[in-house]
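Nothing in this text is a laboratory measurement; each read-out follows from the coordinates by a stated rule. Note that the coordinates shown come from a computational prediction; the quantities given were computed from them, not determined experimentally.
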Amino acid sequence: MDPKLAAIIIHDIKNSLGVLEGELRRLSDDVPTAQQAHVTCLALQEKLIAFLTLYKADSQGLRAQVEAVSPLDFLDALVREHGVNRNGGDITLKVDEAEMPVIGFFDEHLVALALEAALQNASRFARTHIAVGCRKHDEGGVIFTVRDDGPGIGTQEKKPSTGLGMDLCNAIATAHNKETRHGEARLSNHPDGGALFELCLP
């Protein structure tokens, strides 16, 4: 299939999913089954957005539209939108005011996509809680974090993931660069348990 045609078709599907998600949201207040359908629809929508972003990165290159942003306000909005993970546990903002930068320079849209992908991944494993944070990078810039209280990296799933989330995060991280420094996405086990995702931006 012609790549341009494939992109048009997938974009059309994404728009249709947006309409369906809105309809299911209205139903989810009354019908338990519709709530699960709404969750499924959201996950599919996020995967399509991730695919489209990676498709663009592969075919045209991904360029970050860097602006001055308050990381605290940005994360507040993200947590409000994703206040409960898909297992029913809570998602909270956990920051050290001394470590939180007042201003960061990044592409809000792209970083939101990366953190939503990290939250989606964390929600598959978290037992009760996911913490989102941000701190200053030692070399300048910011580090966004997503930590879950699950069993950590290496856990086998009955239905394995596509790995699309980390590919997306890596593409978004490397789209952010300053002189010779590039962004980086990292996933590791936290010393106190659970998995820790870090999005390091210069």
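Summary table below
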quantity: Alpha-carbon radius of gyration plus Dmax, which is the widest Cα pair, for segment 93-202 in Å; calculated: 13.8, 43
quantity: Cross-link reach list, aspartates and glutamates versus residue 14, counting only Cα pairs under 12 Å and skipping chain neighbours closer than eight places; calculated: 46
quantity: HN-Hα J in Hz across segment 105-114 - Karplus 6.51, -1.76, 1.60, θ = phi - 60°, x for Gly and Pro; calculated: 10, 7, 8, 4, 5, 5, 5, 4, 4, 5
